[in-house]
Amino acid sequence: MSPHNKIDLEPPVLTHLLGLDGVPEPVITEILDTAENFLAVLERPIPKVPSLRGVTVANLFFENSTRTRISFELAEKRLSADTINFSTSGSSVAKGETLLDTVKNIEAMKVDVVVMRHWAAGSSKFLADRIDAKVVNAGDGTHEHPTQGLLDMLTIRRKLGALKGLKVLILGDIAHSRVARSNIFGLLNCGAEVKVCGPATLIPREAESLGVEVIPDLDEGLKWCNVVNVLRLQLERMSQGLIPSLRDYQRRYGLTRLRLEKAAKDIVVMHPGPMNRGVEIDSNVADGPWSVILSQVKHGVAVRMAALFLISGREKDEG
């Protein structure tokens, strides 16, 4: 971005970013294009712009997070925003304070944007309907994780040039994955084809109503797709008897070098992290020539910069 360029975003492209369900392709493209511009900023010797100077962002994480939280904090610093970081440990939440009371108190401190991760599906929508600040969903239960979906889409677009017409396989625990839902909604809205693969116990009943086909056999899925997005097997599901054993899961659904070579085609391999190496993905795949996993991490900062910038809806000097 030229020091003299100004981006006028009235009315705002986004009011809130709660999910990708129903978000039209032009809005998704606007976010991804803006993220491309911020990737260029991140390559500068001083990777910082004054775009959100004077804007206060509160990061509210009611669940543990490493990558998403750090990525949002870094995005805010790169945009020159003022930030408040909040976690439930040591807070009034532990004393019985409600979510709404917590946020109302933070908003009374003149917070402009709330970035929130919460264990309850729909919590970000609940919040956005009741406070004046803009809300960015950093993951709400098993519902959605829109910035992860967007950074995955940006990674695919940068690697393969376009989203329309691509064939994307989402592999693993679809039923409990907010990442899967945001990818499905975003990719379908942008004209990609999406199929899912995993144990029947980890495929949601509504999968086909979401517009995706279920492929039971991983080898068949790899022969079909251009991209495979491997989801973390949530090991806590083992205690619920949803899979026979880790060994059985790895044998049937683990992404291995042998499987990729057997597919005999170029396939882009993604993973939102954290990875269970040797379970859902082998190390020689995660670190191999197919993988764009580290690119996903890099693109996450730019996508979150774009989301925060766009919901501000103001003319900003990209100096």
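The values are calculated or read from the model by the stated rules, or taken from the named source; none is laboratory data. Owing to the predicted nature of the structure, the values given are computational and were not obtained by experimental measurement. No Cβ is skipped: glycine too gets one built from the backbone with ideal geometry, and neighbour counts run over all protein chains shown.
Given (1) under 16 Å from the mean Cα position of the chain (by Cα); (2) free of Cβ contacts under 8 Å to residues at least 60 places away in the same chain; (3) farther than 19 Å from N183 by Cα, where does T142 come up short, assuming only one miss?
(3)
Name every residue in segment 24-54 that is touching a Lys or Arg at 6+ places or on another chain (Cβ under 8 Å) and basic (K, R), in order of residue number.
Within segment 24-54, K48 is the sole residue that qualifies.
Would you check if G139 is in the same structural domain as V269 (by TED's automatic domain parsing) and either at pLDDT below 95 or of a type outside the set (S, T, Y) (or both)?
It is false that G139 is in the same structural domain as V269 (by TED's automatic domain parsing) and either at pLDDT below 95 or of a type outside the set (S, T, Y) (or both).
Whether any residue in segment 213-226 is among the β-branched types (V, I, T), under 20 Å from L20 (Cα atoms) and modelled with pLDDT of 90 or more is what I want to check.
No: segment 213-226 contains no residue that is among the β-branched types (V, I, T), under 20 Å from L20 (Cα atoms) and modelled with pLDDT of 90 or more.
Within segment 229-282, count every residue that is in a loop (DSSP other than H, G, I, E, B) and loosely packed, with under 14 Cβ neighbours inside 10 Å.
Adding up the residues that qualify gives 8.
For D21, state whether it is assigned by TED's automatic domain parsing to the domain that holds D101, within 27 Å of L210 (Cβ to Cβ) and in contact with a helix residue (DSSP H, G or I) (Cβ under 6 Å, 6 or more places away or on another chain).
For D21, the condition - assigned by TED's automatic domain parsing to the domain that holds D101, within 27 Å of L210 (Cβ to Cβ) and in contact with a helix residue (DSSP H, G or I) (Cβ under 6 Å, 6 or more places away or on another chain) - is met.
When V303 is evaluated against the numbered criteria (1) touching a strand residue (DSSP E or B) at 6+ places or on another chain (Cβ under 8 Å); (2) in the same structural domain as R78 (by TED's automatic domain parsing), which criterion, by number, is the only one it fails?
With (1) touching a strand residue (DSSP E or B) at 6+ places or on another chain (Cβ under 8 Å); (2) in the same structural domain as R78 (by TED's automatic domain parsing) applied to V303, the lone miss is (1).
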